[in-house]
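Down below is the structure, laid out as structure tokens.
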């Protein structure tokens with residue numbers, strides 16, 4: 001059974017079709033990238049799979065659960081991290097993880113907090129106020145928050161946006177490690193080169209349509225390209 005099954009998915013805003021009937025599936029433990037330029041429909045697709053938006057047409061199933069019919073059931077198994085996510089700046093990193101963990105486990109939140117601390121890997125800074133964190137530290141804390149509940153599906157929008165090379169590498173390592181332990185990832189990014197290195201498979205989306213899909217290596221061979229960015233330019237031109 002696939003973790004994600006998307007069939008003929010359409011999302012409309014009044015008369016505008018942001019997503020125009022796309023199809024893809026994601027297997028358990030796979031890192032799947034949805035990439036394309038700004039305005040292509042990436043974030044709309046992610047927010048819909050995260051049950052924040054309604055499906056206009058078609059079907060979307062996560063763990064064989066229809067997200068339209070049973071969104072509350074789906075939310076038990078997913079974690080969503082938007083690009084512009086923030087954290088309560090007056091809390092320490094540990095206090096923030098504790099606050100979030102209480103929503104998921106009122107009886108035994110401590111193991112979740114410990115998992116989040118481990119993933120964030122901020123050392124002694126975990127007990128400092130978030131207001132004193134660099135952008136990279138905040139993002140690592142938020143990745144810890146997203147993954148500490150050990151979701152079946154983690155949906156990450158631009159997980160390394162604006163980060164320096166070191167922090168971006170650390171977050172990619174965290175994603176790969178958790179995928180190896182069974183978490184499925186759906187990642188959206190405009191950074192095609194990064195996604196090429198990170199993802200098992202990718203779908204290229206432009207103007208609300210998936211224009212190509214496959215393993216990065218196979219797509220580069222198919223289009224005689226040096227990288228996925230070059231593939232994309234050949235596909236959409």
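The values are calculated or read from the model by the stated rules, or taken from the named source; none is laboratory data. Note that the coordinates shown come from a computational prediction; the quantities given were computed from them, not determined experimentally. In this analysis, Cβ positions are derived from the backbone assuming ideal geometry, glycine residues included, and neighbour counts consider all displayed protein chains.
Of the residues making up the stretch 130-155, those that are in a loop (DSSP other than H, G, I, E, B) and within 18 Å of residue 98 (Cβ to Cβ) are 133, 148, 149, 150. Only residues that are in a strand (DSSP E or B) and either free of Cβ contacts under 8 Å to residues at least 40 places away in the same chain or surrounded by 23 or more Cβ atoms within 10 Å (Cβ to Cβ) (or both) were counted across the stretch 187-202, and they come to 4. Do we find that residue 232 is part of a helix (DSSP H, G or I), surrounded by 22 or more Cβ atoms within 10 Å (Cβ to Cβ) and either at pLDDT 95 or above or in contact with a helix residue (DSSP H, G or I) (Cβ under 9 Å, 6 or more places away or on another chain) (or both) in this structure? In short, yes. Count of the stretch 203-218 residues, restricted to those that are out of contact with any strand residue (DSSP E or B) (no Cβ under 7 Å at 6 or more places or on another chain), surrounded by fewer than 16 Cβ atoms within 10 Å (Cβ to Cβ) and either in contact (Cβ under 8 Å) with a residue 24 or more places away in the chain or outside any helix (DSSP H, G or I) (or both), is 1. Out of all the residues in the stretch 78-85, is one or more outside any helix (DSSP H, G or I), touching a strand residue (DSSP E or B) at 6+ places or on another chain (Cβ under 9 Å), free of Cβ contacts under 8 Å to residues at least 24 places away in the same chain and closer than 23 Å to residue 156 by Cβ? Within the stretch 78-85, one or more residues are outside any helix (DSSP H, G or I), touching a strand residue (DSSP E or B) at 6+ places or on another chain (Cβ under 9 Å), free of Cβ contacts under 8 Å to residues at least 24 places away in the same chain and closer than 23 Å to residue 156 by Cβ. Answer with yes or no whether residue 146 is out of contact with any helix residue (DSSP H, G or I) (no Cβ under 8 Å at 6 or more places or on another chain), under 16 Å from residue 116 (Cβ atoms), buried (at least 20 other Cβ atoms within 10 Å of the Cβ) and at pLDDT 90 or above. The answer is yes for residue 146. All conditions in (1) over 14 Å from residue 146 (Cβ atoms); (2) at pLDDT below 95; (3) assigned to a helix (DSSP H, G or I) hold for residue 125, with the sole exception of (2). When you go through 43, 48 one by one, which is the residue that is without any contact (Cβ under 8 Å) to a residue 60 or more places away in the chain and either within 18 Å of residue 159 (Cα to Cα) or part of a loop (DSSP other than H, G, I, E, B) (or both)? None of the others qualify; the one that does is 48. Restricting 90, 102, 167 to those that are surrounded by fewer than 20 Cβ atoms within 10 Å (Cβ to Cβ), over 18 Å from residue 31 (Cα atoms) and modelled with pLDDT of 90 or more reduces the list to 90.
Give the residues of the stretch 156-186 that are touching a helix residue (DSSP H, G or I) at 6+ places or on another chain (Cβ under 8 Å) and assigned to a helix (DSSP H, G or I), sorted by residue number. If the condition is that a residue be touching a helix residue (DSSP H, G or I) at 6+ places or on another chain (Cβ under 8 Å) and assigned to a helix (DSSP H, G or I), then 166, 167, 168, 170, 171, 172, 174, 175, 176, 178 are the ones that fit.
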